[in-house]
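Notes follow the structure.
Please treat every number below as a calculation from the coordinates, not as lab data. Everything quoted here is computed from the prediction, not taken from an experiment. A quick note on method: Cβ atoms are made from the backbone with ideal geometry, for glycine too, and the neighbour counts reach across all protein chains shown.
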Amino acid sequence: MIHSDTELQAIHRHFSRTFGDSASKELAFHAPGRVNLIGDHTDYTGGLVFPAGIDRGTYLIIRRNNTNRFRFASLNFDSTADLGIHDISHKQGDNWVNYPLGVIDQFRQRGIDVDGLDCLYSGNIPNGAGLSSSASIEVVTALALDTLFGAGLARTELAQLAQAAEKDFVGMQCGIMDQFAVAMAQADHAMLLDCHTLAYRQVPIDLTRHSLVVINTNQRRELSGSAYNDRVAECYRALKALGRTLGITRLGELSPEALDAHADLLGDDPVALSRARHIATENERVRRAVPALEAGDLECFGQLMNASHDSLATHYDVSSEPLDALVSIARDSGHVLGARLTGAGFGGCTVNVVATESLDDFESTVKKRYTHTTGLVADFYRVRPGAGAGAVTLPHT
C-alpha cells in the first residue's frame, strides 16, 4: 500500500503547482499509521501496549521557503493554510493543520528557530478510523523538521515531541503509544512497549498462514471530543483512591489481584472501579499475549484479543453498536482467531487475525452481514506490519 514512484511523482507535481518554484530543494518523508494488536487505553496510565506500524501512512514533501510564511496543503483535505510567523502559535479551530502546527510549536519551544515552510501531505490512512493518521502527520513533520533544521533529536525524542504537540496544542490527552509506534516501528514486527519507562522490544510476527485485516466501521469518531479525556479523568480518580493504600503512582502498576483485594476503596465510584478493572486486566493480557505470539500460539493470542474487546466494551465503555456488531459477525464467520476494536474506540476500526486461505470468503460474508445488521458499509484493509518513519527519495519527474 506504499505509494509507487508514479504516485510520488504525481504528489511532487501537485507540490510544484501548489507552491510554485523555489531555489530551495524539496525533501520527502514517510510515516506509517499503526494498528494496536492488544493493550488499549493502557498507554496514558503507564501500562503496556503491543502496536505495529502498517503499510499505509502519510507522505510529506517539504521545503524551506525563506519568507517566514507557513503554507500547508493536503491531498486528503480541502482546507489549506497560509500563516505568518505570529499566527503559528495559535490553534486554527478544528483544522487538520493543528497537527503540524503543534509540532512546529514544540520545536520553537526547544529554541529551534523554525522559519517559513511549504508542506504538502498525502496519506492513505482512513481519517478518524483509529489507525493514527494524526500521529502519522505529527511524526512525519517532526522527522522532516529535525532534518531540515539540524536539530539532532533522537527518534524517541521525536516521538515524545509529537505526543506533546497533540496534548498541548491539539488538546487530546493521549498517551505515547501512537507516536512511539509510528516513529519506531519495524517491518514484520509488533512492539511491546512499556509506556512508563519507554522500554520496548520488537517481536516478530509470523503471518505465514494468517493475515491481519483491519475493518473500518465507517462510524466516524471524534476523539477531540470529551469522551477520551473523560476516560483519562476517570482513571485518575481510580488512581487517587487506590494509590496511597497500594503504594502505586500510576494505574498501570495495578494488578487484577490487588484491585480485587481493595475494590472497596472505589465503592462510591463504580465508574472508576470499572475503568481500573479494564486497565489491570488489559495489562495482564498484554503480558500473556506476547509469549503466546512468540511461541506461535495464534489461537491463544486470538482469545486474548477477544477478551480485550469484551473488556473495552464492558468495563471501559469505549465500543459502539457498529463495533460490537462487526466483532460479533467476524467471530461467527469461522475464519477468524481473534477480533477486537483497535485504538481508542468510539467508532473506527477492528483488527482481525484471519486465516489467509479464507480471506475472500471472510470479507464477503462479514461485509454482507454487517450492512444487513447496521445499514453501514464496512471497508476492509489487508495490512502488514510496516516500517517506521523515514526519509524518501523523490523519483525524477
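As an exercise, use a Förster radius of 25 Å and the Cβ-Cβ distance of VAL392 and THR371 to find the FRET efficiency, rounded to the nearest 0.05.
Approximately 0.10, to the nearest 0.05.
Show me, for segment 258-267, the HN-Hα J-couplings you get by feeding each phi into the Karplus relation (A = 6.51, B = -1.76, C = 1.60, θ = phi - 60°), rounded to Hz, glycine and proline as x.
Along segment 258-267, the couplings run 5, 5, 4, 6, 10, 4, 4, 5, 10, x Hz.
Report ³J(HN,Hα) in whole Hz for each residue of segment 75-80, in order, from the Karplus equation J = 6.51 cos²θ - 1.76 cosθ + 1.60 where θ = phi - 60°; Gly and Pro get x.
After applying 6.51 cos²θ - 1.76 cosθ + 1.60, I find 7, 10, 10, 6, 6, 10 Hz.
In whole angstrom, note down how far apart the Cα centers of segment 185-247 and segment 131-152 are.
After rounding, the separation between the Cα centres reads 21 Å.
What length, rounded to one decimal in nm, is gained on full extension from ASP260 through to SER328, with 0.36 nm per residue of separation minus their alpha-carbon distance?
Difference between extended and current length: 21.6 nm.
Determine which residues of segment 301-316 fall in the zone a paramagnetic label at ASP230 would reach in this model, i.e. backbone nitrogen under 18 Å from the point 7 Å along Cα→Cβ.
312-316
Please list the non-local residues whose amide H lies under 5 Å from the amide H of ARG69, H modeled 1.01 Å from N, same-chain partners needing a gap of 5 or more.
Placed amide hydrogens put GLY116, LEU117 under 5 Å from ARG69.
Which far-off residues, 5 or more places away or on another chain, put their amide H under 5 Å from the one on HIS210, with H placed in the peptide plane?
THR356
Go through (i) 28, 56, 16, 0; (ii) 24, 47, 25, 4; (iii) 25, 52, 17, 4, 1 and flag the label whose value is the computed P(r) over Cα pairs in 20 Å bins from 0, in percent for this structure.
For P(r) over Cα pairs in 20 Å bins from 0, in percent, the calculated option is (i).
Compare the peptides 182-195, 302-315 by average per-residue count of other Cβ atoms within 10 angstrom and give them in order, highest first.
182-195, 302-315
Just want to confirm a number: the relative contact order over the chain, from Cα pairs under 8 angstrom separated by 6+ residues, in percent.
Rounded, it is 24 percent for the chain.
Determine the distance separating the Cα centre of segment 54-68 from the Cα centre of segment 343-395; give it in Å without decimals.
About 26 Å separates the Cα centre of segment 54-68 from the one of segment 343-395.
Please compute the modelled spin-label separation between GLN186 and ARG287, points set 7 Å along Cα→Cβ, answer in nm with one decimal.
Computed distance between label sites ARG287 and GLN186 equals 2.4 nm.
For GLU157 paired with ARG69, estimate the spin-label separation in nm (one decimal), with each label point 7 Å from Cα along the Cα-to-Cβ line.
For the pair GLU157/ARG69, the computed spacing is 3.2 nm.
Using θ = phi - 60° and the Karplus form 6.51 cos²θ - 1.76 cosθ + 1.60, what ³J(HN,Hα) does each residue of segment 197-213 get, whole Hz, x for Gly and Pro?
8, 6, 5, 9, 9, 7, 10, x, 10, 8, 10, 4, 10, 10, 10, 8, 10
Mind giving me the nanometre distance, one decimal, between the label points for ILE248 and ASP168, set 7 Å out from Cα along Cα→Cβ?
2.9 nm
Report, in deg cm²/dmol and to the nearest 500, the calculated mean residue ellipticity at 222 nm for the chain, where each DSSP H run with n ≥ 4 adds -39500 (n - 2.57) and the sum is divided by the residue count.
-13000 deg cm²/dmol, from helical runs alone.
Find the Cα radius of gyration of segment 210-383, compare it with 2.2 N^0.38 Å by division, and give the number to two decimals.
1.12
Would you mind classifying segment 1-102 by shape? Square roots of the alpha carbon gyration tensor eigenvalues, ordered a ≥ b ≥ c; an a/c under 1.5 is rounded, otherwise it is prolate if a/b is larger than b/c and oblate if not.
Because a/c hits 1.5 or more and a/b fails to exceed b/c, segment 1-102 counts as oblate.
Figure the gain on full extension for PHE380 and SER24 (residue separation times 0.36 nm, minus the Cα-Cα span) and round it to one decimal in nm.
Result for the pair: 124.1 nm of gain on full extension.
Taking H placed 1.01 Å from N in the peptide plane, check which residues at least 5 places from ARG56 or on another chain put their amide H under 5 Å from its amide H.
For ARG56, the qualifying residues are GLY33.
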